[in-house]
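The values are calculated or read from the model by the stated rules, or taken from the named source; none is laboratory data. This is a predicted model, so every value here is computed, not measured. Note: ideal-geometry Cβ built from the backbone for every residue, glycine included; neighbour counts use all protein chains shown.
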């Protein structure tokens, strides 16, 4: 079940099916940052849900999971310009 969905255990608990997610934007990523922010844009009504101050240690595994699920991800790194990561790109 969780292969095709996300559960955010916070108050309130939120559940999203991957097919309901249009794109994810990750911001406030940088060398000195211990946290990052994430905004999910949902397919229905292009509604956005924001999560703030997520632990930076979780970022790499989160992006890998999103890429595996072929969810469009935009990572905005303050050290460089924003880059889009999708699960559709070929690995070199």
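Every residue, every condition in (1) in contact with a helix residue (DSSP H, G or I) (Cβ under 7 Å, 6 or more places away or on another chain); (2) surrounded by 13 or more Cβ atoms within 10 Å (Cβ to Cβ); (3) at pLDDT 85 or above, yes or no:
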| site | (1), (2), (3) |
| --- | --- |
| 4 | yes, no, no |
| 7 | no, no, no |
| 10 | no, no, no |
| 17 | yes, no, yes |
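Residues in region 36-57 that are surrounded by 13 or more Cβ atoms within 10 Å (Cβ to Cβ) and more than 16 Å from residue 14 (Cβ to Cβ): 2 in all. No other residue among 62, 54, 66 is in contact with a helix residue (DSSP H, G or I) (Cβ under 9 Å, 6 or more places away or on another chain) and not in a strand (DSSP E or B) apart from 66. For region 70-92, filtering for residues that are in a loop (DSSP other than H, G, I, E, B) and at pLDDT 85 or above leaves 2.
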